1. Could you name the aspartates and glutamates whose alpha carbon sits less than 14 Å from that of Lys110, not counting residues in the same chain fewer than 8 places away?
2. If amide H atoms are built 1.01 Å from N in the plane of the peptide, which residues on other chains or at least 5 residues away come under 5 Å of the amide H of Ile27?
3. How big is the Rg/Rh ratio for the range 2-187, C-alpha atoms only, Rh by Kirkwood, two decimals?
4. For every helix of n ≥ 4 consecutive DSSP H residues, a contribution of -39,500 (n - 2.57) applies; sum these over the chain, divide by its total residues, and give [θ] at 222 nm rounded to the nearest 500 deg cm²/dmol.
5. So how long is each side of the range 82-188 along the principal axes, counting just the alpha-carbon atoms, biggest first, in Å?
6. When the Karplus curve 6.51 cos²θ - 1.76 cosθ + 1.60 is applied with θ = phi - 60°, which whole-Hz ³J(HN,Hα) does each residue of the range 8-23 get, with x for Gly and Pro?
Amino acid sequence: MNIVLFGPPGAGKGTQAVKLAEKFNYIHLSTGDIFRKNIKENTELGQLASSYISKGDLVPDEVTIKMLEDAANENPNANGIIFDGFPRTIAQAKALDSFLQTKRNQKVDKMLSLEVDDNELIKRLLERGITSGRPDDADEGIIRGRIEVYNKNTAPLKNFYMQQGKCVEIMGVGGIDSIFKRLASELA
Ligand code: AMP
């Protein structure tokens with residue numbers, strides 16, 4: 001199973017992806033986490049990515065797609081993969097389809113879209129910024145910019161998956177466990 005966990009920044013993708021991966025014994029691939037690991041280790045990729053991430057911009061597709069494919073290739077026999085924060089552009093979604101098809105004879109099975117309104121997202125991200133140490137969570141201007149980038153570049157992906165009958169909208173507000181139950185019931 002290849003699952004895209006979708007939604008704006010602050011929707012709870014990371015939190016829920018960890019729980020779903022554990023329950024279903026899937027691999028969790030978060031492009032944001034991989035970028036942050038590279039930034040921490042000061043790799044060439046990290047240096048390139050940090051200039052985009054700190055401003056709230058998307059890292060260029062070419063770099064992101066290559067990184068994602070490398071990470072997926074490290075797990076050739078995964079039971080399933082939960083993609084968290086990827087794809088974020090139509091080009092990434094097409095690259096993912098082509099990668100899964102040519103390298104694994106697989107496809108994206110489902111896209112679960114966490115629905116949370118903008119005011120709640122901003123509140124959550126500002127709260128997370130107090131403890132996360134993420135510079136892109138610390139500034140309301142950058143947070144608003146990330147939501148704009150989401151609306152412009154990433155939200156159109158819902159249509160891309162909807163047209164294929166793969167998109168399921170999940171209400172992303174309420175307690176972590178109740179949201180988890182809604183998501184898990186779609187994968188059971
Ligand atoms: P996240 O942890 O998913 O919120 O991602 C943090 C930041 O990493 C984003 O604001 C982007 O700058 C960058 N990033 C993560 N995933 C992608 C992606 N699929 N494409 C481009 N940039 C990404």
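Read the figures in this text as sums done on the coordinates, not as results from a lab. Nothing here was measured: the structure is a model prediction, and the numbers come from that model.
1. Asp84, Asp97, Glu169, Glu186
2. Placed amide hydrogens put Asn79, Gly80, Ile81, Ile82 under 5 Å from Ile27.
3. With Rg and the Kirkwood Rh in hand, the quotient comes to 0.93.
4. -16000 deg cm²/dmol
5. Between the extreme Cα coordinates on each principal axis of the range 82-188 lie 43, 30, 23 Å.
6. x, x, x, 6, x, 4, x, 4, 6, 4, 4, 5, 5, 4, 5, 5
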